[in-house]
Amino acid sequence: MTFPRIRTSVLPLAAGVLLLLASCGSDDDSATGTTATPAPATTASAPATTAGPAVPPPTFAPEDQAFCSAAVRIAAGDAQMQEQLAAAVTQAIQSGQIDPFAQLLASLRTSGIIDGIGEAFDDLEAAAPADQQEDVRAFGDFTTATFDDLEDLNSVEELRAWADGLSSDPDTVAVQESARSVADLVQTRCGITLTN
């Protein structure tokens, strides 16, 4: 599978982390004692972290239930990993060691979060209208390939090189189109934001 890179103009699922990778890839980390502030995750359906009244789970029309339930799982998985990945990227960049990032990716894999997102994309594709299934598949394949690609990185230098390539890969355009199409459908049918 060809791994498509992503531009920062339309960012699919792991947007916050990918944007952070791009910014960290070009940061000057020679100034010690400074702490990079990661870009916040932007998934609108991320659970609130402040105290307050409990928010009931969303309800969907019966014909949208399977599709929207899969979208909720994708957004929840994304929200669960964003903060951890942002911290691990920052720690790896600042320390010059890939270990914090690699260990977190391994944990996300063994805990089922990464595979769970892939399975949710499979369910989203199965429940999507026939004319949207190819876009959902492309979006899901991109997400899966992103993590496969990140798991293959062996050094901070490779992480930086990967981040530096995010905005220049020609395959990005096709992924953006698919991501935009899926995001619009999910927003319309479910009121959930998967891209920013």
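The values are calculated or read from the model by the stated rules, or taken from the named source; none is laboratory data. These numbers were taken from a predicted model, which means no experiment stands behind them. FYI the Cβ positions are ideal-geometry reconstructions off the backbone, even for glycines, and counts take in every protein chain you see.
Structure notes:
- Filter pass, ALA183 being loosely packed, with under 15 Cβ neighbours inside 10 Å and out of contact with any helix residue (DSSP H, G or I) (no Cβ under 6 Å at 6 or more places or on another chain): no
- Note on the stretch 79-94: among residues that are farther than 17 Å from THR193 by Cα and either free of Cβ contacts under 8 Å to residues at least 60 places away in the same chain or out of contact with any helix residue (DSSP H, G or I) (no Cβ under 8 Å at 6 or more places or on another chain) (or both), the one that is surrounded by the most Cβ atoms within 10 Å (Cβ to Cβ) is ALA88.
- As a summary of the residue check, THR59 satisfies the conditions (1) part of a helix (DSSP H, G or I); (2) surrounded by fewer than 16 Cβ atoms within 10 Å (Cβ to Cβ) except for the one numbered (1).
- Condition broken by ILE192, with the remaining ones in (1) closer than 18 Å to ALA66 by Cα; (2) of a type outside the set (S, T, N, Q); (3) assigned to a helix (DSSP H, G or I) satisfied: (3)
- Count of the stretch 144-177 residues which are at pLDDT 80 or above and farther than 20 Å from ILE114 by Cα: 8
- Just one of (1) modelled with pLDDT of 55 or more; (2) within 29 Å of SER155 (Cβ to Cβ); (3) of a type in the set (A, V, I, L, M) fails for ALA39. It is (1).
- Selected residue [small (Gly, Ala, Ser), under 14 Å from the mean Cα position of the chain (by Cα) and assigned to a helix (DSSP H, G or I)] from ALA179, ALA174, ALA102, ALA161: ALA179
- First in the stretch 123-150 and outside any helix (DSSP H, G or I), second anywhere and at pLDDT 90 or above and of a type in the set (Gly, Ala, Ser), Cβ under 6 Å, 6 or more apart: none
- Every pair of residues 6+ apart whose Cβ atoms lie under 7 Å, when the first sits in the stretch 175-196 and is more than 14 Å from PHE60 (Cα to Cα) while the second is crowded, with 17+ Cβ neighbours inside 10 Å and among the acidic types (Asp, Glu): SER178/ASP135; SER181/ASP135; VAL182/ASP135
- Just one of the listed residues (PHE139, PHE67) is buried (at least 16 other Cβ atoms within 10 Å of the Cβ) and at pLDDT below 95, namely PHE139.
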